[in-house]
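Derivation of every value follows stated rules applied to the coordinates shown; laboratory data play no part. Quick caveat: nothing in here was measured; it's all calculated off a predicted structure. Glycine also receives a Cβ, built like all others from the backbone with ideal geometry; neighbour counts cover every protein chain displayed.
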Amino acid sequence: MKALIEKIQKLKSQKDAVILVHNYQKKEIQDIADILGDSLDLSRKAKGTSNPMIIFCGVRFMAETAKILSPDKKVLLPVFDAGCPMADMVTANDILDYKKEHPDVFVVSYVNTSAEVKAVSDICCTSANAVQIVKNIKARKILFVPDKNLGDFVKRRVPEKEIQLWDGYCIVHVRINKEHLKKMKKEHPEALVLVHPECESQIIELADEVTSTNGMVKFVKDSEKTEFIIATEEGMIDRLKKEAPDKIFYPASKPTLCRNMKKTGLEDVLRSFTCEQYEINLPDPIIRNAQAALNRMLEYSK
Ligand code: 13P
Ligand code: SF4
């Protein structure tokens, strides 16, 4: 493993690349990250970095987001089929059809969508800024795609808006089991419950804090408490242990593994550097239109 990491580091400096890693990636991948974070943080940093090459260890929509925000850079996704099943639950044609029926609707798309969907959306959001974005936009009639659970979370917090929810969901977060979470709470009465807003409302109701993955890191570091029950993808516990090694974390429920997030290994990263694959290429009009929706998000959530 040490030799593999050394090869990666050498190629990284030869190619002047930066390695962006999502919080759900395997521990060995988190350990080689230049930037480790949630979707919002990684979008901001992808835009901000000056390196000409980005290796994105995450899933396809994240690498596409980096390409849209930095079209002149070479963006590589180490595993070709690391996708997000929730992102595939809505297409650009679905949105165009909906807009034909409801011409005055404002489309807010979660960043977990394809570049084509972003290109026909009015604004994007992430789990970290969804409530803020929906509160800040002027439009009252909103279509929120694709995550009905995040959309429902937003809807409850911004009741003044008329929000239509798409029927998408994260196949990982909906597996988090309420009875198991209740049992964990009983077994660890001192622990605070941190829940990702992709979870169903029955899980969100049991939370002490509902937040994005970076929000969880901040919450744990700022808290005087030492025990936490974590309701999200299980890789998050590696990330939290890295940041707060003296604190104790329990998974809210098992299994909560995102198969796609776990496809990337060190060998894939090395191959990605040597063969410069898999490069993200998107048509210019898609980049232009998707960029407008993403830049609007960054502008509204400063
Ligand atoms: P965040 O890390 O932005 O909270 O999102 C979680 C997620 O599901 C990414 O796929
Ligand atoms: Fe997609 Fe859910 Fe995996 Fe995130 S955790 S990449 S939303 S399937």
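In order along segment 239-249, the phi-based Karplus estimate (6.51 cos²θ - 1.76 cosθ + 1.60, θ = phi - 60°) of 3J(HN,Hα) comes to 5, 5, 5, 5, 7, 9, x, 8, 9, 10, 10 Hz; Gly and Pro are listed as x. When the chain is treated as a Gaussian network with alpha carbon springs shorter than 10 Å, the biggest mean-square fluctuation among L42, L270, L96 belongs to L96.
In summary, the lysines within cross-link reach of K185, defined as a Cα separation below 16 angstrom excluding same-chain residues under 8 places away, comprise K225, K254. Computed from backbone phi with θ = phi - 60° and the Karplus coefficients 6.51, -1.76 and 1.60, the 3J(HN,Hα) list for segment 44-61 is 4, 5, 4, 6, x, 5, 9, 5, x, 10, 10, 9, 9, 8, x, 10, 3, 4 Hz; x is used for glycine and proline.
What is the sum of charges around P71, taking Lys and Arg as +1, Asp and Glu as -1, for the other residues whose C-beta is under 14 Å from the C-beta of P71?
Numbers: positive: K47, K67, K73, K74, K118, R288; negative: E64, D72, E279, D284.
My count for the surroundings of P71 gives +2.
Among beta bridges identified by DSSP and lying wholly in the chain, the antiparallel ones come to about 5 percent.
Taking a Cβ cut-off of under 11 Å around K15, the surrounding Lys, Arg, Asp and Glu residues balance to a net charge of +1, with basic ones at +1 and acidic ones at -1. Estimated purely from DSSP H runs of n ≥ 4, each contributing -39500 (n - 2.57), the mean residue ellipticity at 222 nm for the chain is -12000 deg cm²/dmol once divided by its residues.
Computed over all pairs of different Cα atoms, the Kirkwood value for the hydrodynamic radius of segment 182-272 is 13.9 Å.
Which shape class, rounded, prolate or oblate, goes with segment 1-82 when its Cα gyration tensor gives a ≥ b ≥ c as root eigenvalues, a/c under 1.5 marks rounded, and past that a/b bigger than b/c marks prolate?
Details: a/c = 1.68, a/b = 1.26, b/c = 1.34.
Oblate, because a/c is 1.5 or more while a/b does not exceed b/c.
3J(HN,Hα) along segment 220-230: 5, 5, 7, 7, 7, 6, 10, 10, 9, 9, 10 Hz, from the Karplus curve 6.51 cos²θ - 1.76 cosθ + 1.60 with θ = phi - 60°, whole Hz, x for Gly and Pro.
Can you give the direction-averaged projected area of the convex hull of the alpha-carbon atoms in the chain, in nm²?
Value for the chain: 15.3 nm².
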